[in-house]
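Student: Right, I'll just put the structure down here and ask away after.
The values are calculated or read from the model by the stated rules, or taken from the named source; none is laboratory data. In this text the structure is predicted, and so the values were computed from the model without any measurement. Cβ sites come from the backbone with ideal geometry, for glycine too, and all protein chains shown count toward neighbours. Surface areas here come from the heavy atoms of the whole protein model, side chains and all, with no ligands, DNA or RNA. Shrake-Rupley method; radii C 1.70, N 1.55, O 1.52, S 1.80 Å.
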Amino acid sequence: MKTFFRIFLIAAFAVFVAGCGKDDAAPIDEPLGENPKLRAAVEAMVAEVPAVWNTLNGIEVWQEGYAPSGAWLNGSTPDSRHQVLSVTKTFTGMAVGIAVREGKLRLDDRIYELFKEEADAALASGLNKNLSESRVAHLKAVTVRDLLTMTCGHTTDPTVKYSIQYALSLLPYVSSSGIDVTGALNSLDLTLPLLFFAHPFNDEPGTNFTYNSLGSHMLAEIILKKTGENLCDYLNKRLFEPLGLEKPVWDEAQGTSAGGWGLHLNTDEMIRFGRLLLKGGEWDGVRLIPADFVKNAVAVQTLPRAVEFGYQAIGYGFQTWILPEGFMASGLLGQYIIVLPKKQAVIALTSDVLSFSQLLGSLAGTTQSEALLELTWKHLIPAL
């Protein structure tokens with residue numbers, strides 16, 4: 001009887017082990033598939049876009065639970081990096097958050113104290129006309145936070161002013177394929193910080209929004225001054241490498257990473273950055289950007305004037321446009337990272353900058369890429 005019982009136990013165990021074999025093995029993760037509805041939406045947008053925005057060269061859409069859907073046009077490929085112009089600003093803003101976490105600077109640091117020599121030189125020069133005590137006081141009161149929110153006290157964009165003022169000297173840097181912004185700026189005898197401080201500070205800092213690419217560049221100058229590293233190098237170790245990106249090309253202006261416009265990225269790299277912000281600054285369980293900084297960066301901090309609002313925007317955060325459904329990094333002539341938290345989705349769009357006249361037209365407000373965003377809201381967002 002005991003022998004029979006032992007045989008029964010051995011047989012039962014064998015059956016149990018066999019039953020735990022192939023059928024009960026740990027499941028192998030299957031590759032994610034595309035969302036068919038989104039795939040169709042991308043194709044519909046590609047079919048319609050030539051009629052309204054023929055310079056689009058890249059669309060990529062990521063949504064939690066699906067493989068990305070995308071399309072690349074006009075000779076572009078998924079690996080093609082493009083100049084993303086003012087999308088750069090959002091990267092620059094997040095670098096400030098990282099530097100704050102590291103104790104390198106504070107949001108209430110006054111930039112006059114950081115650039116006293118350049119600021120005093122600007123005040124003493126003939127560039128800053130009609131100086132008044134209030135304007136000088138405003139200049140000396142500007143903080144890092146004011147630069148982040150584009151409320152430094154300028155009532156017009158100094159970037160546009162100087163582009164017009166120095167137009168003749170910039171002509172050698174203009175070609176049929178665009179404008180060499182870096183070369184043009186490097187040709188000037190005046191430093192960019194001096195030009196920034198020479199532009200009149202009519203408003204009290206922190207009160208009124210004025211779109212300001214030169215102000216964004218000042219954040220890059222601050223990173224260099226406070227960390228000893230150029231912005232591209234600073235972010236490479238702290239952001240790009242953790243995201244799995246090869247160090248990108250980042251144009252320099254007078255030896256400093258151009259904080260308002262210089263970054264070159266492909267759509268997948270833009271998607272990764274958008275996903276990082278979607279997760280509040282965390283990537284693969286590692287905190288790259290302080291959570292409270294990201295939270296403030298993607299919330300309304302100031303209200304632009306009506307003429308300065310981008311498509312669908314309801315306000316401005318820290319170098320980031322705020323949308324009813326989320327937020328976006330936005331660049332001239334069709335460069336976007338659109339983050340939609342409720343849909344757990346990120347959209348990246350890139351476009352060619354084909355001509356200097358196109359660029360000037362956009363600066364003047366006569367050429368906008370809102371048609372591209374209208375197609376995005378028509379086709380892509382309903383499919384998410």
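Student: Any idea how many residues of segment 226-235 are in contact with a helix residue (DSSP H, G or I) (Cβ under 6 Å, 6 or more places away or on another chain) and either over 23 Å from Met270 (Cα atoms) or open to solvent by 50 Å² or more (accessible area, probe 1.4 Å) (or both)?
Tutor: So the count comes out to 1.
Student: Report those helices (runs of 4 or more DSSP H) wholly inside segment 42-142 carrying at least 1 residues which are surrounded by fewer than 22 Cβ atoms within 10 Å (Cβ to Cβ) and within 23 Å of the chain's Cα centre (by Cα).
Tutor: Of the helices (runs of 4 or more DSSP H) lying wholly inside segment 42-142, those with at least 1 residues that are surrounded by fewer than 22 Cβ atoms within 10 Å (Cβ to Cβ) and within 23 Å of the chain's Cα centre (by Cα) span 88-101.
Student: State all residues of segment 283-336 that are among the polar types (S, T, N, Q) and open to solvent by 20 Å² or more (accessible area, probe 1.4 Å); if no residue qualifies, say none.
Tutor: Those that are among the polar types (S, T, N, Q) and open to solvent by 20 Å² or more (accessible area, probe 1.4 Å): Asn296, Gln301, Gln312, Ser330.
Student: Give me the residue from segment 199-225 that is open to solvent by 50 Å² or more (accessible area, probe 1.4 Å) and of a type outside the set (D, E, K, R) and, out of that set, nearest to Asp157 (Cα to Cα).
Tutor: Restricting to residues being open to solvent by 50 Å² or more (accessible area, probe 1.4 Å) and of a type outside the set (D, E, K, R), the top hit is Tyr211.
Student: Then there is this: Could you tell me whether Asn266 is more than 21 Å from Asp108 (Cα to Cα), surrounded by 17 or more Cβ atoms within 10 Å (Cβ to Cβ) and over 15 Å from the mean Cα position of the chain (by Cα)?
Tutor: It is false that Asn266 is more than 21 Å from Asp108 (Cα to Cα), surrounded by 17 or more Cβ atoms within 10 Å (Cβ to Cβ) and over 15 Å from the mean Cα position of the chain (by Cα).
Student: Would you please list the contacts, defined by Cβ atoms under 9 Å and residues six or more apart or on different chains, that run from a residue in segment 96-118 that is farther than 15 Å from Gly215 by Cβ and in contact (Cβ under 8 Å) with a residue 24 or more places away in the chain to a residue that is open to solvent by 50 Å² or more (accessible area, probe 1.4 Å) and outside any helix (DSSP H, G or I)?
Tutor: Ile98/Lys104; Val100/Arg106; Arg101/Arg287
Student: Of the conditions (1) among the β-branched types (Val, Ile, Thr); (2) open to solvent by less than 10 Å² (accessible area, probe 1.4 Å); (3) farther than 27 Å from Ser351 by Cα, Ile271 satisfies every one except a single condition; which number is it?
Tutor: (3)
Student: So, in segment 317-334, exactly how many residues are farther than 11 Å from Thr90 by Cβ and either in a strand (DSSP E or B) or in contact with a Cys (Cβ under 8 Å, 6 or more places away or on another chain) (or both)?
Tutor: Selection size over segment 317-334: 1.
Student: Please work out which one of (1) at pLDDT 95 or above; (2) on the phi < 0 side of the Ramachandran plot; (3) part of a loop (DSSP other than H, G, I, E, B) is the condition Leu32 fails and give its number.
Tutor: Answer for Leu32: the failing condition is (1).
Student: Give the residues of segment 235-268 that are among the hydrophobic types (A, V, I, L, M, F, W, C) and under 21 Å from Ile347 (Cα atoms), sorted by residue number.
Tutor: Leu239, Phe240, Leu243, Leu245, Trp261, Leu263, Leu265
Student: Select from segment 236-261 the residues that are part of a loop (DSSP other than H, G, I, E, B) and of a type in the set (Asp, Glu) and write down the one among them that is least open to solvent (accessible area, probe 1.4 Å).
Tutor: Looking at residues that are part of a loop (DSSP other than H, G, I, E, B) and of a type in the set (Asp, Glu), I get Asp251.
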